[in-house]
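Trainee: Okay, handing you the structure first.
The values are calculated or read from the model by the stated rules, or taken from the named source; none is laboratory data. Quick caveat, the model's predicted, so the values are computed rather than measured. Every residue, glycine as well, gets a Cβ built from its backbone with ideal geometry; the counts of neighbours run over all protein chains shown. Note: areas computed on protein heavy atoms with side chains; ligands, DNA, RNA excluded. Shrake-Rupley method; radii C 1.70, N 1.55, O 1.52, S 1.80 Å.
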Amino acid sequence: MSAASRQRFLASLNRCEARANFLPDFYRRFMDSSEEVRQKFADTDLGQQVRHLRRTLELSAAATEGEREGLSELTMRAGTHDHAHLDIRPALYELWQQALLGTAADCDPDWDADTEAAWREVLGFMVRFMTARY
């Protein structure tokens, strides 16, 4: 990922977060995508989940450039989400990515093709990383 794409992603994330409900809206959309997703979140503290996702998104942008802290964060998340722990099947990551892209597109007033490409690059990296460690 180029530094410009990373900055575009982070700027978009900040614009999205200027809307107070960006990540809660994402989680509603994600949970509406499948019964299996709803079941996975049945006993989850969504307030805590929102905080974790925000940090993970920022560090994942860093990980796409090989930064150690970002890669360490993704490795930790992959360990908690693998088959032996939360058992998040690889197919669920596609639903996650689509819900996040849709919510970001709805929330970012400056959304355009370049912004979408930056999001797809970061999220695609995360999905490949997580599913490879399932």
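Trainee: Restricted to the range 34-56, and to residues that are touching a residue at least 24 places away in the same chain (Cβ under 8 Å) and over 15 Å from the mean Cα position of the chain (by Cα), which residue is nearest to residue 116 (Cα to Cα)?
Mentor: The selected residue is 34.
Trainee: Right, here's the next one. In the range 1-13, which residue that is in a helix (DSSP H, G or I) and hydroxyl-bearing (Ser, Thr, Tyr) is nearest to the chain's Cα centre (by Cα)?
Mentor: Of everything passing the filter in the range 1-13, 12 is nearest to the chain's Cα centre (by Cα).
Trainee: Please determine, by comparing only the residues of the range 3-13 that are without any contact (Cβ under 8 Å) to a residue 60 or more places away in the chain and open to solvent by 70 Å² or more (accessible area, probe 1.4 Å), which one is nearest to residue 105 (Cα to Cα).
Mentor: Going through the qualifying residues, I end up with 7.
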